[in-house]
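Remarks on the structure that follows.
The values are calculated or read from the model by the stated rules, or taken from the named source; none is laboratory data. Everything numeric here is computed off the predicted structure, so don't read it as measured data. Cβ atoms come from the backbone with ideal geometry, glycine included; neighbour counts cover every protein chain shown.
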């Protein structure tokens, strides 16, 4: 492994934790009543229609029982609902409610503010190169999912 690869392997997880921590702190300062993992679930559900509990557990690498508790809390808060799949009565699709969508929009604005802060001094050209690398890394990391 090259020195640059070693540095990236060390820095990436640290960066993610730092950004998540910053976003969680900013979220805690609001009165929205949502935690960062719950926002992650809303984000996932809005980009993955007809997702079920197992999909979320796999995506977030969480135990199904942990995911169940989180989904129960979110359903009680009115942010999501479980709907019976019309093609399979055993399957319950998770759907973001209007209230959940409004909450997602508010937290997305906060996320944009946090990312503007952490990206200060990064040019559009640098951002484009970074996105290209991150997308390739993501594709490579997920290529094993289909094998």
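Here are a few things to note about the model shown:
- The residue list 106, 147, 132, 113 contains one member that is modelled with pLDDT of 95 or more and over 23 Å from residue 39 (Cβ atoms), which is 132.
- Within the range 116-127, being more than 18 Å from residue 13 (Cβ to Cβ) and either surrounded by 10 or more Cβ atoms within 10 Å (Cβ to Cβ) or in contact with a helix residue (DSSP H, G or I) (Cβ under 9 Å, 6 or more places away or on another chain) (or both) holds for 117, 119, 122, 126, 127.
- First in the range 98-125 and free of Cβ contacts under 8 Å to residues at least 60 places away in the same chain, second anywhere and surrounded by 13 or more Cβ atoms within 10 Å (Cβ to Cβ) and in a helix (DSSP H, G or I), Cβ under 7 Å, 6 or more apart: 100/42
- Residues that are in contact (Cβ under 8 Å) with a residue 40 or more places away in the chain and surrounded by fewer than 11 Cβ atoms within 10 Å (Cβ to Cβ), drawn from the range 9-24: none
- Each residue in the range 33-64 was checked for being out of contact with any helix residue (DSSP H, G or I) (no Cβ under 9 Å at 6 or more places or on another chain) and more than 22 Å from residue 17 (Cα to Cα), and 4 pass.
- When restricted to residues that are in a helix (DSSP H, G or I) and more than 17 Å from residue 95 (Cα to Cα), the range 33-50 contains 1.
- Residue within the range 86-97 that is farther than 26 Å from residue 68 by Cα, surrounded by 15 or more Cβ atoms within 10 Å (Cβ to Cβ) and under 16 Å from the mean Cα position of the chain (by Cα) present: no
- When residue 142 is tested against the conditions (1) within 16 Å of the chain's Cα centre (by Cα); (2) surrounded by 10 or more Cβ atoms within 10 Å (Cβ to Cβ), the lone failure is (2).
- Residue in the range 25-32 that is over 18 Å from residue 115 (Cβ atoms) and either free of Cβ contacts under 8 Å to residues at least 12 places away in the same chain or outside any strand (DSSP E or B) (or both) present: yes
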